[in-house]
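Asker: One structure is given below, represented as structure tokens, and several questions about it will come after.
The values are calculated or read from the model by the stated rules, or taken from the named source; none is laboratory data. Remember, predicted model here, so these are calculated numbers, not experimental data. Quick reminder, even Gly has a Cβ in these numbers, built from the backbone with ideal geometry, and neighbours come from all protein chains shown.
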Amino acid sequence: MIIVCEPECRGTAHEKINSAFLYGVSLAYPEEKIVFFAEENHIAAMKDNFTRDKISLKNIEYRHFLLPEPPYERIAAYFQYYSLLKRIFGYAGDSGCCKMFFLSANSNNLYCIKKILTRYHQDIKCGVVMHGIVETIKIKPKFTDRLKIWPYIMWFKNALEYRSDLAVNYLMLSKRAYANLAAYIDGNLYRKFFYMDIPYIFDQEYVKELDPKRLIVATIGHGNPNRLIDFVNLLRNKLGGLAEKNFEIRVISDSTKRIEKKLKDETAVNCVSPRKRLTRDEMDFHSKDVDYFLFLYDRDSYELTSSGAFFDALHYKTPIITLRNPGIQYYNDLCGDIGYTRDTIDELADILVKLINQGNEKEKYDNFVKNIETLKETISIEKSFHKLRQLMEIESGNVSTEKG
């Protein structure tokens, strides 16, 4: 038996990625029973994904629990996590389970995992997925206020280094992020890290519904709201206005009050989800006719992780218009250009001005889509699930009996 646990996400948060992780574990261990622990609404969202993606998992049992209330950095959350995780580890021990896979982590729950392993379950091997929190190891927080000592003590790098002799391995979400990590941790800890591309169940038969008379560019995910506002203003100035153009900038997923306030009179900007998270069906609906997804990330964004929104763009077979970013460039280089990459928003605006005035170059656009299809086949979970088995087939090594 293998236990998979999502100790952070609620509802539809990361539901597309986590359903692919769970699918990958079932591919890696087809003969094993898999018990999945998560928040109730998150389980429901993942089941919806499996139905939508026509995936049938025969060896999965679902069990829901109550998560601590966010923010998870609170002292109270530590004790709530300890109680919750101790029960799950106890179930694992009673069931003879020796492998546990955690789909996310924060400082509180990672410390709890290691303390419980040390005290009660040194025979259990654990794998932990590294999401955005791993970016915080680059800069140590400053201790300036004794009332804020908890975040200082609970720096995520400290949690990684604590009891590094335990059988806990970590999964980075791209080869590039894994390579970059070496600059921030010592060699002994680095050996406990593995990598795979963000797991995603791609629909290779997905068909777009483009309007040849209208250009639609969309942002997806959290993005960079302030830069989007600057970009729209720059584009308006270059075109002498946007209202009369057959053009739309669509803000999919979480828009902000600032975007809505600053761009409320711009008819070309369509915020389809004002300050609320869309369901996957709603995202599908608003993405099917998008010509390009726009990414305005900082150059140093996603140094140690990857963008789930970028994988959504691949899923929808949609070329990208992006500021140069190593995280995206890594995938752009794997199978050929999948869109336009430039160094400044001024250069990106020039690209859009040309597309608005002259339309898509069909041959170039079709080549972008062809490269996306090749990339999806290259990085699909069906090709990479063996990495999950590699992560879990680890030896405990010289595990100390020191109490945590």
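Asker: So how many residues does the stretch 174-185 have that are assigned to a loop (DSSP other than H, G, I, E, B) and at pLDDT 95 or above?
Answerer: Going through the stretch 174-185 one residue at a time, the tally reaches 4.
Asker: Let me ask you something else. Taking the stretch 123-139 as the search range and keeping residues that are out of contact with any helix residue (DSSP H, G or I) (no Cβ under 7 Å at 6 or more places or on another chain) and in a loop (DSSP other than H, G, I, E, B), which one is modelled with the lowest pLDDT?
Answerer: That would be Ile139.
Asker: Are any residues in the stretch 86-117 closer than 23 Å to Val134 by Cα and in a helix (DSSP H, G or I), and if so, which ones?
Answerer: Ser107, Asn108, Asn109, Leu110, Tyr111, Cys112, Ile113, Lys114, Lys115, Ile116, Leu117
Asker: Among the residues of the stretch 288-310, write down those that are surrounded by fewer than 22 Cβ atoms within 10 Å (Cβ to Cβ) and assigned to a helix (DSSP H, G or I).
Answerer: Gly308, Ala309, listed by residue number.
Asker: On to the next question. Helices (runs of 4 or more DSSP H) wholly in the stretch 341-384 with at least 1 residues that are of a type in the set (S, T, N, Q), more than 20 Å from the chain's Cα centre (by Cα) and farther than 21 Å from Phe311 by Cα - which ones?
Answerer: 345-358
Asker: A further question follows. Can you pull out the residues in the stretch 39-57 that are in contact (Cβ under 8 Å) with a residue 60 or more places away in the chain and buried (at least 19 other Cβ atoms within 10 Å of the Cβ)?
Answerer: Of everything in the stretch 39-57, those that are in contact (Cβ under 8 Å) with a residue 60 or more places away in the chain and buried (at least 19 other Cβ atoms within 10 Å of the Cβ) turn out to be Ala45, Asn49.
Asker: Looking at the stretch 40-70 only, could you name the residues that are assigned to a loop (DSSP other than H, G, I, E, B), hydrophobic (A, V, I, L, M, F, W, C) and touching an Asp or Glu at 6+ places or on another chain (Cβ under 9 Å)?
Answerer: If the condition is that a residue be assigned to a loop (DSSP other than H, G, I, E, B), hydrophobic (A, V, I, L, M, F, W, C) and touching an Asp or Glu at 6+ places or on another chain (Cβ under 9 Å), then Leu66, Leu67 are the ones that fit.
Asker: For Gly359, indicate whether it is at positive phi, in contact (Cβ under 8 Å) with a residue 12 or more places away in the chain and surrounded by 21 or more Cβ atoms within 10 Å (Cβ to Cβ).
Answerer: no
Asker: Applying the selection to the stretch 216-247, what residues are within 16 Å of Tyr316 (Cβ to Cβ) and not in a loop (DSSP other than H, G, I, E, B)?
Answerer: Selection gives Ile216, Val217, Ala218, Thr219, Ile220.
Asker: Follow-up. Among Ile133, Ile149, Ile124, which is the only one that is closer than 22 Å to Ala77 by Cβ, surrounded by 15 or more Cβ atoms within 10 Å (Cβ to Cβ), hydrophobic (A, V, I, L, M, F, W, C) and not assigned by TED's automatic domain parsing to the domain that holds Ala309?
Answerer: Result of the check over Ile133, Ile149, Ile124: Ile133.
Asker: So Arg275 clears everything in (1) modelled with pLDDT of 95 or more; (2) under 21 Å from the mean Cα position of the chain (by Cα) except one condition, right? Which one?
Answerer: (1)
Asker: Right, here's the next one. Of Val35, Val25, which residue is surrounded by fewer than 23 Cβ atoms within 10 Å (Cβ to Cβ) and more than 23 Å from Tyr206 (Cβ to Cβ)?
Answerer: Val35
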